[in-house]
Every structure is written in structure tokens, then in C-alpha cells.
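The values are calculated or read from the model by the stated rules, or taken from the named source; none is laboratory data. Model, not experiment: these values are computed from the prediction. Neighbour counts are summed over all protein chains in view; Cβ atoms, including those assigned to glycine, are modelled from backbone coordinates with ideal geometry.
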Amino acid sequence: METEIIGKVSRRIVPFVALCYFLCYLDRVNVGFAALQMNSDLGFSATVFGWGAGIFFFGYFFFEVPSNLALERFGARLWIARIMVTWGLLSAAMALIWNETSFLVLRFLLGAAEAGFFPGIILFQTYWFPSAYRARMVGRFMTAIPISAVIGAPLSGLILGMDGIWGLRGWQWLFICEGVPTVLLGLVVMFYLTDGPEKASWLDADARAWLIDRLRRERTVREAHAKHTLWEALKHPRVLLFGLVYFGTAAAGYGLGFWLPTIVKEFGVSDLQTGLITAIPYAVGVAAVVIWPLLSDRMQERKWNTALAFLVAAAGLALSTYFPDPVHKMTMLCIAAVGMFAIAPLFWTLPTAFLSGTAAAGGIALINSIGNLAGFAAPYAMGYLKDATGGFSAGLLVVAFFPFLSAVLVLLLGHNPALERGVAPEAAD
């Protein structure tokens, strides 16, 4: 019965939230492709673009915790719909920017609008999936990131080719064509998502009762071991250190993600070819984000799997700087992608093993908001160092340092698998 219930819940929830995240990530990083035309049209330097790409995460940082608390209070269905509609409208409005100030303001507002979506989905999945299934379910949800690039990169290259239609530049069409679908899907969320098992009319009574009881027992064990209030979670040293750990994956992901189209463009290829080549590391990432978390679930091991994923990401990024040949460089970036995309589903099993309820809502959001400050720091550093050195090697080496540091921190912080599995408190250290 257990396998059947989890399978039904997975089929109902995971593909849909993955589709939502597909559009989320596409809207977040399409500015990297827009830059191929936008920077020259508006006179943006690499430093200005890096600042604009990263300021998104300041809006994200300030509104992340309040947004996740609102999700817990008002329900995932209503709040995720609100997030998607507002960020879709703002993403489309990026087509209207005309100078540096308008670029920075709209990117900040876009971050504020989107704040809470990713940690909200992580929290939402704890309402539905027991810990033994959580890494693989988060991994399946997060296939949206590499898939959004595999599909979105060549699609973005094609949309840039709409240049001149109705008097709009290709980069303006890019923001419009990738923002409007988010608004429409946000409206669908209102009718499709279910806030929790208690309201799941699509599950029979026995299945609902089993799932509610299983999740309640795991939550009881965690709270018996250490029940945290919201404020205790927000200032808990472990939560703050996990934020620093997550900084490493965000630095790798966004530092490379925002600048990869420009790196590839310097190979001397067309916009469409840039999109196709940029998609290659993400295609590799699709397999990594599914297979590695599944192995971790079956091994029931988190700490070493997570640390190893960070080390693979760091090694791939660092080694890419030693290979000027495009084929060799992309090979190293594919190795980095294996680690980068495996990290998040493995990592999020660590804080959710000891947080629950309102503490989980606030703690997950704080970890995500601290970590995602790297979304500002890494693209900005890449842009600054590109202007200063004329190349990307220095920026890639700086970005590679952070996942290496995260691997060290994961090993030092450790993990209690007994507590995660819901074993009696006395079995947990």
C-alpha cells in the first residue's frame, strides 16, 4: 500500500510543481540570453549587467522568510498562485526597460515577487512525502532546472531571432514570451494544488489516513528530540551555517548560469548555436538530479553524498579554466553540472531532518535566502573580473571556491540519519 500511495501522490504533485519551477527558473535566468542583445542596445558593461543580474537576489533575500510564513498561514495553493502571477507580470515587464536604473529596479522587484517560491515548494513537499522519499522527490522536482535550460536555451536563441517584429527587439520578445505563460500557469495553480493530505479528495480515506499518520509520527519524533520556535530556528547556529553551505551551490549555479551564454558566444558561434551549446551541461544535469538523490535514498546516506556533489561541482568549474579549447572546456563544465544539479535535492534533506512546522517554514526560507545572496555575489564577481582581466578564468576560480568550502562545512556539520528516519529520540544524538 505504501508504494502505491506515494506513487499516486508523486504523480499528482511532482510533475506539476516541476512545471511551475521550469517557468520560474526560465524567467530568472533568461536575462543571460537577453544580454546578448540588450547590453549593447542599452550600453551596459559587464559589471552593470552582473549587478543587475544579481540585485534580483536582494529582493529575494528581504522577502523570503515573510513569504514562506505566509504560505504556511494561507496555504500553498493560494500563495504559490500569487507568487507566480506577480513574477510573471514583472518578468514580461522587463521588455520595457530603457536604462540602467529601470533594469535594476525591475530586477529587484522580480526577486521580491518570486521570493518564497522555491523554499515554499520544499516546505510543501514535507507536507506530502515521508523523509525516506524526500531526496528523490526533490530531485524529480528540480529536474526543472536543467530541463528549463535544455529546452529554454535553444528556445531563447530562437526568440532572439524575432528581432524587429512589431518594432520590438529580440530581447524584448524574450521577456514577453517567457513571462506570460507564468501568469497563466499561476492561475491554474489555484484550481489544481492541494494544501495537504487532509484536503486530498483525490486520495481514498485509507490512503489519507496512512499518509497523515506516517507524517505525524515523523514530526512527533523530531519535535520530541528538539522542538524549535520560529525565532529559535531563525537564530539557530545550524540553520545559519546551512545558509552558508547553500551559498556554495547558489554561487556555482548562478555564477555559471548567468554568464554561460556569454562564455559560449565567445567561441564564435551564432545566437541559436549559443543556445544549443549552452544546453549541453544542463542535459547532463537532468540525469544527475534524478539518479544521485535516488541512490542517496536507497543508501540512506546524506552527508558524504552531499559533500561529494559539492566537490565535483568545484572541481569541474576550476578545471574548466585550464582548457581554452571549447570542447575540453565544455567537458569540464559538464562534470561541474553533475555535481551542481545533484547538490540541492541532497542538501535539503539535511535541514528538514530537524525542523518542522513554523520553524521549518522560517528556517528553510532563511537558509535559502542566505544562500541565494550568492546569486548576487557570484554574477557580479564574474562581471567585475571579466572587465578587469578580459576573461572568465578568474571569475570561475572564485566561484569554484564556494562549493569546495560548502563540502568542508557539510562534513563538519554532519547529519543524524536516525532522526531523519523518525527513529525514537533516544536513538538520535
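For CYS24, the conditions (1) surrounded by fewer than 19 Cβ atoms within 10 Å (Cβ to Cβ); (2) closer than 20 Å to ALA378 by Cβ are fulfilled apart from (1). Determine whether the range 299-317 contains at least one residue that is over 16 Å from ALA400 (Cβ atoms), among the basic types (Lys, Arg) and either more than 22 Å from the chain's Cα centre (by Cα) or in a helix (DSSP H, G or I) (or both). Checking the range 299-317: at least one residue is over 16 Å from ALA400 (Cβ atoms), among the basic types (Lys, Arg) and either more than 22 Å from the chain's Cα centre (by Cα) or in a helix (DSSP H, G or I) (or both).
Suppose the filter is of a type in the set (S, T, N, Q) and not in a loop (DSSP other than H, G, I, E, B); does THR278 pass it? Write out each step before concluding.
Numbers: of a type in the set (S, T, N, Q): yes; not in a loop (DSSP other than H, G, I, E, B): yes.
Taking the combined requirement at face value, the residue satisfies it.
Summed over the range 10-42, residues that are within 19 Å of the chain's Cα centre (by Cα) and part of a helix (DSSP H, G or I) total 20. All told, LEU89 falls short of being within 30 Å of GLU2 (Cβ to Cβ) and either among the charged types (D, E, K, R) or in contact (Cβ under 8 Å) with a residue 24 or more places away in the chain (or both). Among residues of the range 224-245 that are over 13 Å from GLY414 (Cα atoms) and polar (S, T, N, Q), those with a beta-carbon under 7 Å from a residue that is at pLDDT 65 or above and crowded, with 17+ Cβ neighbours inside 10 Å at least six positions away or on a different chain give the pairs THR229/ALA359.
Among GLY120, GLY157, GLY179, which is part of a helix (DSSP H, G or I), touching a residue at least 40 places away in the same chain (Cβ under 8 Å) and more than 22 Å from the chain's Cα centre (by Cα)? Spell out how you get there, then give the answer.
Numbers: GLY120 fails: more than 22 Å from the chain's Cα centre (by Cα); GLY179 fails: more than 22 Å from the chain's Cα centre (by Cα).
Checking each option against the conditions leaves just GLY157.
Listed conditions (1) closer than 22 Å to LEU405 by Cβ; (2) part of a helix (DSSP H, G or I); (3) not β-branched (Val, Ile, Thr) are all met by TYR322, apart from (2). On the basis of being of a type outside the set (A, V, I, L, M, F, W, C) and either in contact with a Phe, Trp or Tyr (Cβ under 6 Å, 6 or more places away or on another chain) or at pLDDT below 80 (or both), does GLY111 make the cut? Yes; evaluated as a whole, the condition is true for this residue.
Residue under question is GLU198, and the condition is that it be of a type in the set (Asp, Glu), under 28 Å from TRP79 (Cβ atoms) and touching a Gly at 6+ places or on another chain (Cβ under 9 Å); does it hold?
On the way: of a type in the set (Asp, Glu): yes; under 28 Å from TRP79 (Cβ atoms): yes; touching a Gly at 6+ places or on another chain (Cβ under 9 Å): no.
Answer is no for this residue.
Only one of the numbered conditions (1) among the aromatic types (Phe, Trp, Tyr); (2) in contact with a Leu (Cβ under 8 Å, 6 or more places away or on another chain); (3) under 30 Å from ALA46 (Cβ atoms); (4) part of a helix (DSSP H, G or I) is not met by TRP98, and that is (4). Hey, could you check the range 54-104 for residues that are among the polar types (S, T, N, Q) and closer than 26 Å to LEU256 by Cα and say which is surrounded by the most Cβ atoms within 10 Å (Cβ to Cβ)? Among them, the one singled out is SER91.
Within the bounds of the range 19-29, is there any residue that is more than 27 Å from VAL286 (Cβ to Cβ), of a type outside the set (Lys, Arg) and touching a residue at least 12 places away in the same chain (Cβ under 8 Å)? Scanning the range 19-29, I find no residue that is more than 27 Å from VAL286 (Cβ to Cβ), of a type outside the set (Lys, Arg) and touching a residue at least 12 places away in the same chain (Cβ under 8 Å), so the answer is no.
Which of the residues spanning the range 101-117 are of a type outside the set (A, V, I, L, M, F, W, C) and part of a helix (DSSP H, G or I)?
Restricting attention to the range 101-117, the residues satisfying the condition of being of a type outside the set (A, V, I, L, M, F, W, C) are 101-102, 107, 111, 114, 116.
THR101, SER102, ARG107, GLY111, GLU114 - these are the residues of the range 101-117 that are of a type outside the set (A, V, I, L, M, F, W, C) and part of a helix (DSSP H, G or I).
Take the conditions (1) over 20 Å from the mean Cα position of the chain (by Cα); (2) part of a helix (DSSP H, G or I); (3) crowded, with 18+ Cβ neighbours inside 10 Å; ARG140 misses just one of them, which is (1).
Each row is one residue, and each column tells you yes or no for (1) out of contact with any helix residue (DSSP H, G or I) (no Cβ under 9 Å at 6 or more places or on another chain); (2) of a type in the set (S, T, N, Q); (3) surrounded by fewer than 19 Cβ atoms within 10 Å (Cβ to Cβ).
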| position | (1), (2), (3) |
| --- | --- |
| TRP292 | no, no, no |
| LEU295 | no, no, yes |
| ALA309 | no, no, no |
| ALA315 | no, no, yes |
| PHE323 | no, no, yes |
| THR331 | no, yes, yes |
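Of everything in the range 224-276 that is modelled with pLDDT of 75 or more and polar (S, T, N, Q), the residue that is surrounded by the fewest Cβ atoms within 10 Å (Cβ to Cβ) is SER270. Annotation: SER45 fulfils all but one of (1) over 20 Å from the mean Cα position of the chain (by Cα); (2) at pLDDT below 85; (3) crowded, with 17+ Cβ neighbours inside 10 Å; (4) small (Gly, Ala, Ser); the unmet one is (3). Once the range 143-158 is narrowed to residues that are buried (at least 23 other Cβ atoms within 10 Å of the Cβ) and not small (Gly, Ala, Ser), the residue that is nearest to VAL284 (Cα to Cα) is PRO146.
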